[in-house]
């Protein structure tokens, strides 16, 4: 009996030790071989608060791409290296955790003023920072999912800062997209013989039509409307566990940030359609969608694309993917981005 108690005590101490180590474990992003390479992960003061910024590329003199993550609150820094190795060959890739998200979430900081307008100002301040550091006057702006809401507003507010705008999983009319997601999930549930899922979803039609609810993302994901080739949830788990950009304390910050950001920002987005905010951009625009995307529906994005004015625009479909074409079909996406940059003539 005493031996069992002693073993239990030792086990508890070992677990506690691992937790403490996990909380304080140093973080970094692995080096890229090359005389002119860059691989940095650091906190940078931007627009009055510290933001976590990761910059990676084979040659820092290459064109700059800023990625705006979605969620809201869902930083891609924990796992994105897995998918951007090809992009790093020809571009300097900038990822950052938005204010109140991931490692940019700071305990005891006041986030009562959090809004998409504030996140837009943060993004423009970050753009100024990277332009100064790398001596470049313009960058390529890429938004993903909810990040396209921020990206579109930033590109409209300061088009002179960007060569072009690319929206991956572009948000559009909120109601159209949510009803597309709902109808798709119900249809797929019926085809799979999951009557209970179909009934559960159908009961949500009224609240979704009134803008009170979202189509449950677990249902969209279950029926292939989020990812087809990758497991995006597992990417987060393995990133948190095995990638060095986040430690255990950062995971806690990530979870706190998701809770904070989604409560505030999803409500703002649902009540203020981007289609009524930005109807024209002064720079080239590309909407990049996975064929099976029902997190932000292809149909809603196309309707927005058709009325959006821009000097040049293109609607690009990746046929095997859903909400993550840049990850699910990373080789095709890298080739497309190289070709697109070349055609822009910079």
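Key figures for this structure:
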| item | result |
| --- | --- |
| Residues (closer than 19 Å to residue 62 by Cβ and in contact with a helix residue (DSSP H, G or I) (Cβ under 6 Å, 6 or more places away or on another chain)) located in segment 119-136 | 127 |
| Residue ID - surrounded by the fewest Cβ atoms within 10 Å (Cβ to Cβ), chosen from residues in segment 84-95 that are touching a residue at least 60 places away in the same chain (Cβ under 8 Å) and part of a loop (DSSP other than H, G, I, E, B) | 86 |
| Tally, over segment 327-346, of residues that are surrounded by fewer than 17 Cβ atoms within 10 Å (Cβ to Cβ) and either free of Cβ contacts under 8 Å to residues at least 40 places away in the same chain or part of a helix (DSSP H, G or I) (or both) | 9 |
| Qualifying residue in segment 309-326 (condition: touching a residue at least 60 places away in the same chain (Cβ under 8 Å) and in a helix (DSSP H, G or I)) | yes |
| Lone unmet requirement of (1) under 21 Å from residue 169 (Cβ atoms); (2) out of contact with any helix residue (DSSP H, G or I) (no Cβ under 7 Å at 6 or more places or on another chain); (3) buried (at least 24 other Cβ atoms within 10 Å of the Cβ) for residue 81 | (3) |
| Criterion (over 21 Å from residue 71 (Cβ atoms) and in contact (Cβ under 8 Å) with a residue 24 or more places away in the chain) met by exactly one of 197, 183 | 197 |
| Number of the condition not met by residue 283 [criteria: (1) in a loop (DSSP other than H, G, I, E, B); (2) loosely packed, with under 14 Cβ neighbours inside 10 Å] | (2) |
| Among residues of segment 137-175, those that are under 14 Å from residue 289 (Cβ atoms) and part of a helix (DSSP H, G or I), counted | 1 |
| Cross-chain or 6+ apart pairs with Cβ under 8 Å, segment 97-117 first and free of Cβ contacts under 8 Å to residues at least 40 places away in the same chain, then part of a helix (DSSP H, G or I) | 117/153 |
| Residue in segment 236-251 that is in contact with a helix residue (DSSP H, G or I) (Cβ under 6 Å, 6 or more places away or on another chain), closer than 30 Å to residue 210 by Cβ and buried (at least 19 other Cβ atoms within 10 Å of the Cβ) present | no |
| Selected residue (criterion: nearest to residue 72 (Cα to Cα)) from residues of segment 96-115 that are touching a helix residue (DSSP H, G or I) at 6+ places or on another chain (Cβ under 6 Å) and assigned to a helix (DSSP H, G or I) | 102 |
| Tally of residues being out of contact with any strand residue (DSSP E or B) (no Cβ under 6 Å at 6 or more places or on another chain) and crowded, with 19+ Cβ neighbours inside 10 Å across segment 170-197 | 15 |
| Filtered residues of segment 305-326 (kept if more than 24 Å from residue 162 (Cα to Cα) and exposed (fewer than 14 other Cβ atoms within 10 Å of the Cβ)) | 319, 320 |
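Only the coordinates and a few stated rules stand behind these numbers; no lab work does. No experiment lies behind these values; they were computed from the predicted model shown. Here the Cβ is made from the backbone with ideal geometry for all residues, glycine too, and neighbour counts use every protein chain on show.
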